[in-house]
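Contents: one structure, followed by commentary.
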Amino acid sequence: MPAFVVAIDGPAASGKGTLARRLAEHFGLAHLDTGKLYRATAFLVLAAGGDPADPTTAAAAAQRVDLARLSEPGLLSEEVAQASSVVAAIPEVRAALLERQRDFAAHPPAPPKGHRPRGAVLDGRDIGTAVCPGATVKLFVTASPEARAERRLRELRQRGATVIYGDVLQDMKERDARDSERRVAPLAAAPDAVTLDTTGLDADRVFELASEIIARALAAHGP
Ligand code: C5P
């Protein structure tokens with residue numbers, strides 16, 4: 001029986017990260033926020049004073065990414081976010097990270113004190129199209145750029161950053177453009193993905209809608 005995999009893709013601040021985390025917890029699935037792999041790659045390049053656009057430097061950093069250290073707060077900055085979408089456009093970086101994502105999906109790690117996970121949730125930009133095209137459930141979570149910029153603004157301010165809406169919206173549009181227009185594995189909804197537009201929906205409603213889809217898929221998938 002193939003592993004039970006939920007692929008969640010969408011643009012920045014669409015709500016996919018929060019959704020993926022909640023779904024994983026609720027259904028006993030392992031979770032991988034694949035954006036963190038690109039952020040960690042960018043972080044390593046920047047920390048060494050390197051150029052995120054240089055393929056050799058970025059690919060070497062991607063090889064060194066440690067899956068156990070993806071919760072470092074340094075990965076959340078706007079500088080790292082922008083640089084992550086630069087490294088993410090480099091085919092050698094994507095190739096270096098691909099097998100690790102597939103391996104996570106096929107053999108989800110057990111949570112620290114929990115039971116064996118029943119499967120995995122991976123969220124990112126290309127999970128349903130490139131990393132796990134055979135995923136059991138594919139969701140594409142999106143929202144208007146303005147709604148997403150407002151969410152990101154709130155998040156950044158909560159973390160103590162001094163930011164203005166116009167800059168956040170501008171950064172978000174630049175990152176969306178880079179992610180959607182790159183040659184390899186651009187941000188896109190898989191043809192068989194269910195699209196959830198979260199503009200005007202709160203996180204609980206989005207969770208409810210997605211949960212119904214996953215509960216049905218789990219029942220059909222068997223034990
Ligand atoms: O989701 P998050 O904002 O953390 O992602 C950071 C960047 O990593 C994205 O802007 C994108 O360029 C890249 N990414 C990607 N493919 C994924 C996940 C993230 O290219 N599966």
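Readers should treat all values here as calculations from the given coordinates under stated rules, not as data from a laboratory. A quick note: this is a predicted structure, and the numbers were derived from the prediction, not measured. We place every Cβ from the backbone using ideal geometry, glycine too, and count neighbours over all the protein chains shown.
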* Cα centroid separation, the stretch 88-102 to the stretch 144-223 (Å) -> 21
* **GNM top mover of G17, G124, G200 - the chain, alpha-carbon springs below 10 Å** => G200
* **Magnitude of the charge dipole, the chain, Cβ model with Lys/Arg +1 and Asp/Glu -1, debye to 20** => 560
* Additional length obtainable on full extension of the chain from V184 to R69, 0.36 nm per residue less Cα span -> 38.8 nm
* Dipole size in debye (nearest 20) for the stretch 1-107 around its Cα centre, Lys and Arg Cβ +1, Asp and Glu Cβ -1? -> 300
* Pop a pseudo-label 7 angstrom from the Cα along the beta-carbon direction at both E92 and R157 and give the gap in nm to one decimal. => 4.3
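Once the piece of chain linking D54 and E150 is laid out straight, how much longer is it, given 0.36 nm per residue of separation minus the C-alpha distance between them?
Value of the extension gain: 31.4 nm.
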* Percentage, to the nearest whole number, of Cα pairs in the stretch 4-205 over 33 Å apart -> 8
* Structure fact -> Between the residues A110, I127, V141, the Cα farthest towards the positive end of the dipole of the chain, that dipole coming from +1 and -1 charges on the beta-carbon of Lys, Arg, Asp and Glu, is from A110
* To do: Show that you can apply the helix-only estimate: for the chain, add -39,500 (n - 2.57) for every DSSP H stretch of four or more residues, divide by all residues, and state [θ] at 222 nm to the nearest 500.
  => -16000 deg cm²/dmol
* Asked: Taking 0.36 nm per intervening residue step and subtracting the Cα-Cα distance, what contour gain separates A177 from E212 on full extension?
  -> 9.4 nm
* To do: Using a 10 angstrom cutoff on alpha carbons, build the Gaussian network for the chain and name the most mobile of L209, L122, L76.
  => L209
